[in-house]
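The values are calculated or read from the model by the stated rules, or taken from the named source; none is laboratory data. The structure displayed is predicted, hence computed values, not measured ones. Every residue, glycine as well, gets a Cβ built from its backbone with ideal geometry; the counts of neighbours run over all protein chains shown. The area values use the complete protein model at the heavy-atom level, side chains included, leaving out ligands, DNA and RNA. Shrake-Rupley method; radii C 1.70, N 1.55, O 1.52, S 1.80 Å.
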Amino acid sequence: MRIVNTRAAALAAVGVALTLSMSACGSDSGTTTSTGSAGSSKATSPSASESPSMTESPSPSMMADKPFGPGCATVPTSGAGSFSGMAKDPVATAATNNPALSTLVTAVKAAGLVDTLNGAKDITVFAPTNDAFAAMDPATLKKALGDPKGLLSKVLTYHVVPGKLTPAMLAGTHKTLQGGEVTVKGSGEDFTVGDNAKVVCGNVATANATVYLIDQVLLPKS
């Protein structure tokens, strides 16, 4: 009888041990599942919040801040002549650092307009490139260069209008510093200034102006 009782007691002890072990395993499993679920929730939450920014299209205001046009490829990527460099200087000074505007800079200096342009507040400049001056009628160019304070000054100030015009504001008729009016047609990144001048690099920021590089020189009507 004592042997039987001893065996029964031993079997009972083993059963209790197994029960406790299974309970402990079940508890660990539940804890792991709960933690895993919480971890999964934390892992997916940031990705859900980041997803809209990754797929979101650039806003119009962001687009309006960027230069555009095929001529922009000639602008240096760094230094004073780069977009970021020109944004720090007033417009006449900024133009001296842009290789594509060296002829315009020479004309502005000859006409005595450096201080006028640099000191102006919030203007838009339609800046003829070197190629634009090269395409100009030689006789007209010679005549203008021969009268820097008169005809040349009138031609150059005809390229300047009050206010910093964004691309969205560009189309329309604008009064120039010379006194005449210039009409701009187009939208988006395709604009014609005057009769035939095309914007080749637009929306270039300087400290006091917005610049649109054009492929022809504008001539005032009178």
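Brief remarks follow.
- Evaluated at q = 0.13, 0.17 Å⁻¹: base-10 log I(q)/I(0), Debye formula over Cα of segment 130-218: -0.44, -0.74
- Pairwise centroid distance, computed over Cα atoms, of segment 155-222 with segment 77-98, Å: 19 Å
- For segment 85-222, the share of DSSP beta bridges that are antiparallel, to the nearest 5, is 75%.
- Highest average packing first - 193-205, 162-174, 102-114, Cβ atoms within 10 Å: 193-205, 102-114, 162-174
- When the solvent-accessible area of segment 77-222 is split by element, carbon and sulfur atoms take up 54 percent of it, the probe being 1.4 Å.
- For N208, distant residues with modelled amide H under 5 Å away: V91
- Rounded to the nearest angstrom and listed largest first, the equivalent-ellipsoid semi-axes of segment 78-157 from its Cα gyration tensor are 23, 15, 9.
- Gyration tensor (alpha-carbon) shape descriptor, segment 65-222, a/c threshold 1.5: rounded
- Accessible area (Å², per residue) of segment 110-222, counting only protein heavy atoms and a probe of 1.4 Å: 48 Å²
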